[in-house]
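See structure below.
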Amino acid sequence: MSRIAAAIEDLVGNTPLFEPVRVEERLGIRAHLLCKLEGQNPAGSSKDRAALSMLRAAEEAGMIHPGDTLVEQTSGNTGIALAAMAVPKGYRCDIFLEAGVTRERKKILLALGCRLRSRGDIPGISKEEVLAHPYEEASLAEIRAYCKAMGPRYHFLDQTTNPNNPLAHVRTTGPEIWRDTDGKVDALVLMAGTGGTLRGLSQYLREKNPKIRIIAAEPAPCSRRCEKNPNCQIIDGVLDFDDHPDHTASYFITHDLYDRCLEVSAKEADETARLVARTEGLLFGTSGAAALSAAIRLAKDPAYDGKNLVVIIPDGGGKYLSSPLYGI
Ligand code: PMP
C-alpha cells in the first residue's frame, strides 16, 4: 500500500484543473477556462502550500520547535492552513484576524485549536485606542512587538515577506499547471493578497513560456473597504495593487509580474459564483469567482478563441455561506 497518506502535509497539492464547459457553452465562450481548484487542498485553500512551505523552511533552519507558538496575520486561509499543518507537528497557533473575516473561518480556526487575537491583545495598545479605530488591523510591527513581549517561543512566520510563500508556487503549483496542460498555457488569470501566488506563478510560467499572458485582477473601487465605506461588500483575502508603487500594496507585488490588470466588483464575482454553482454544481469562493469573472470578460474577445486560460480558484464557497456570496 504505497499510496496511503499518513499526515495532512501528504495531502497538499496536486489539485485538479477543471473546465466549466457548461458555463462556456452558455456564455458562448470558445476559449478553455481551466480552473485550478485549490479548495481541494486538505485545509481548503491555496494557502496550504504557502503555510507548509514556510513551516518546513523554519523547521529546517532550526528556528521553531514543537511546543512553540506560531503567530500569523491572516484573512483566515493562511491561519487555517498553518493551524492545520501545525497540529500534527505539535505547534500552537495565535492568529490575528483581518477585519470582515466570515464566521465560518473563525469557527474553523477555533476548531483547530487556535487562539484568535486582535490589536487589543498587543501589550501597549489601550482599549481607548482600539475603540477609536475599530477597523484597524494589527500592523506587522505590532505583531512583532507581540511576539517579543510573549517570549522566545513565539514566532511570526509573516506570509507577507516570507520568500517561502511565493516559492511554494514555484515548486508546486506552477509545475502542476505545466504538467496538467501538457505545457499549453496561453494565459494565467488570478487575484492577489500577499501576491505570493502571483509572484511564484508568474516567475515559473514565464520561464517555461515567455509569451504567456499574466492577467491580474483586483477588486473594483466599490468593493474596497475603507473608512468612508466600512460596510461595503469585499472580495475576501485579496487587495488592489495596480495604482500602488511596487512593493507597497504588498511586498511581493511589482508591476513587472503581470501584463494587464482588470477590476472586478464583489457583485460581479457573486453573479459568477452563482452561475458556476447552478451550472456546474461547484461552490467557488469569492476571489476565485472574481478571477473567473475577469477570465470570462477576456475570453469574450475572439483573440482568445481556442486558447487555454488557467484561472486560480484559491478556495471553495463553503466558508462564505454567511456572506452575501450566494444570496442565501
Ligand atoms: N484568495 C483568497 C480567498 C485568499 O485567502 C488569498 C490569500 N490571502 C488569496 C486569494 C491570494 O493569495 P496570495 O496571498 O498568494 O496572493
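What follows is calculated from the coordinates using simple rules that are stated; it is not laboratory data. These numbers come from a predicted model, not from an experiment. Glycine also receives a Cβ, built like all others from the backbone with ideal geometry; neighbour counts cover every protein chain displayed.
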## Note on the structure
Any lysines whose Cα falls less than 30 Å from that of residue 228, other than same-chain ones fewer than 8 residues away, would be 106, 107, 127, 267, 319
### Query
Can you give the Kirkwood hydrodynamic radius of the range 268-328 from its Cα pairs, in Å with one decimal?
11.9
### Query
Equivalent-ellipsoid semi-axes (√(5λ), Cα gyration tensor) for the chain, whole Å, largest first?
32, 23, 19
### Task
Let me know the charge dipole size of the range 47-156 about its Cα centre in debye, to the nearest 20, where only the beta-carbon of Lys, Arg (+1) and Asp, Glu (-1) is charged.
320
### Message
With +1 assigned to the C-beta of every Lys and Arg and -1 to the C-beta of every Asp and Glu, and no other charges, what is the dipole magnitude of the chain about the Cα centre in debye, to the nearest 20?
### Response
560
### Query
Over what distance in Å are the Cα centres of the range 189-262 and the range 98-129 separated?
25
### Query
Roughly how big is the range 137-191's charge dipole about its Cα centre, with Cβ charges of +1 (Lys, Arg) and -1 (Asp, Glu), in debye to the nearest 20?
320
#### Entry: Beta bridge orientation in the chain: antiparallel %, DSSP, nearest 5
15
### Message
Which lysines, if any, have their Cα less than 21 Å from the Cα of residue 89, not counting same-chain residues under 8 positions apart?
### Response
47
### Summary
Computed over all unlike Cα pairs, the Kirkwood hydrodynamic radius of the range 179-256 in Å stands at 13.8
### Task
Tell me what the chain gives for mean residue ellipticity at 222 nm when only DSSP H runs of n ≥ 4 count, each as -39,500 (n - 2.57), the sum divided by the residue total, rounded to 500 deg cm²/dmol.
-10500 deg cm²/dmol
#### Entry: Alpha-carbon spread of the range 183-328, three principal axes, descending order, Å
43, 37, 25
### Query
For the range 47-156, which semi-axes, largest first and in whole Å, follow from the square roots of 5 times the eigenvalues of its Cα gyration tensor?
23, 17, 11
### For the range 133-214, the fraction of alpha-carbon pairs in successive 10 Å shells from zero, as %
17, 35, 22, 16, 9, 0
### Query
What are the DSSP H helices in the chain that stretch 24 Å or more along their long axis, judged by alpha-carbon atoms, and whose average Kyte-Doolittle hydropathy comes to at least -0.5?
none
### Summary
For 121-132, 106-117, 45-56, 268-279, ranked highest to lowest by mean beta-carbon neighbours within 10 Å, the order is 45-56, 268-279, 106-117, 121-132
### Message
Set the bar at 23 Å for Cα to Cα. Now go through 36/208; 36/300; 208/300 and name every pair that lies beyond it.
### Response
208/300
### Message
Which three extents, in angstrom, do the Cα atoms of the range 1-52 have along their principal axes, listed largest first?
### Response
44, 27, 13
